[in-house]
Ligand SMILES: [Zn+2]
């Protein structure tokens, strides 16, 4: 990243930039653009404009000798704030963390997946990445409570068909349970429970978010991502065996692999072991 830009970042973010660039062997290209086409509907209500977006290009797409490019485009200022982040550089941090996960932690990316209506691969990918990224603000010196879903979303929830769930509901539920620690967090969780009980989805959703909560804390980052991906496709009754994931090796090559049949992970504190058995069917 250009030295002039980097110097204006908080110290913890300068260290983060160095760490990502060292692992990738290239600099992060930060550029201002007129507008960013939202790939996906906004997380926080419909068509909110996207102020920043990280892009990872690799292989032939990178069009350079290193085979990798890291880009963060922004429409205004890298210090920009956008709800739910009320602190300068918090959005920029979020985008850097997307890059860090793929390049430093080398967590796999969903490359090919069954895409029935309303289960776009990029939306599943982002939803799962956010479960880990959002938890890391405090470690990097940002001090604000997580607030991803407002109570109103549940109070006004209308279900098309009892017993059916879609990705938007799954995401809102999971974020409500796991990424909501404001003083109204408990109230929002209760509103979600009432709405989902009525919708006949409560026990299914609770099992899902309990698993994700466990996985998001596991030190086995690669296996945790694989298990989360398996859980989402299994949740929607999709064949997990059809999912391919791109994985960056320690030498920088990318390979495309199926999910392992068995995924073993440790929990953080107690060394507890969990094994996810996949059904390929
Ligand atoms: Zn994101």
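The values are calculated or read from the model by the stated rules, or taken from the named source; none is laboratory data. Computed from a predicted structure; not experimentally measured. Cβ atoms come from the backbone with ideal geometry, glycine included; neighbour counts cover every protein chain shown.
Per the listing 131, 152, 159, the residue uniquely within 16 Å of the ligand (Cβ to nearest atom) and either assigned to a loop (DSSP other than H, G, I, E, B) or out of contact with any strand residue (DSSP E or B) (no Cβ under 8 Å at 6 or more places or on another chain) (or both) is 131.
Residues in segment 58-69: is at least one within 15 Å of the ligand (Cβ to nearest atom) and either touching a residue at least 24 places away in the same chain (Cβ under 8 Å) or assigned by TED's automatic domain parsing to the domain that holds residue 227 (or both)? Taking every residue of segment 58-69 in turn, none turns out to be within 15 Å of the ligand (Cβ to nearest atom) and either touching a residue at least 24 places away in the same chain (Cβ under 8 Å) or assigned by TED's automatic domain parsing to the domain that holds residue 227 (or both). Here residue 199 meets each of (1) surrounded by 18 or more Cβ atoms within 10 Å (Cβ to Cβ); (2) modelled with pLDDT under 95; (3) within 23 Å of the chain's Cα centre (by Cα) with one exception, condition (3). Which ones in segment 105-128 are within 16 Å of the ligand (Cβ to nearest atom) and assigned to a loop (DSSP other than H, G, I, E, B)? The answer is 105, 107, 120. Taken as a whole, the structure leaves residue 236 outside the set of residues that are in contact with a strand residue (DSSP E or B) (Cβ under 9 Å, 6 or more places away or on another chain), in the same structural domain as residue 139 (by TED's automatic domain parsing) and surrounded by 14 or more Cβ atoms within 10 Å (Cβ to Cβ).
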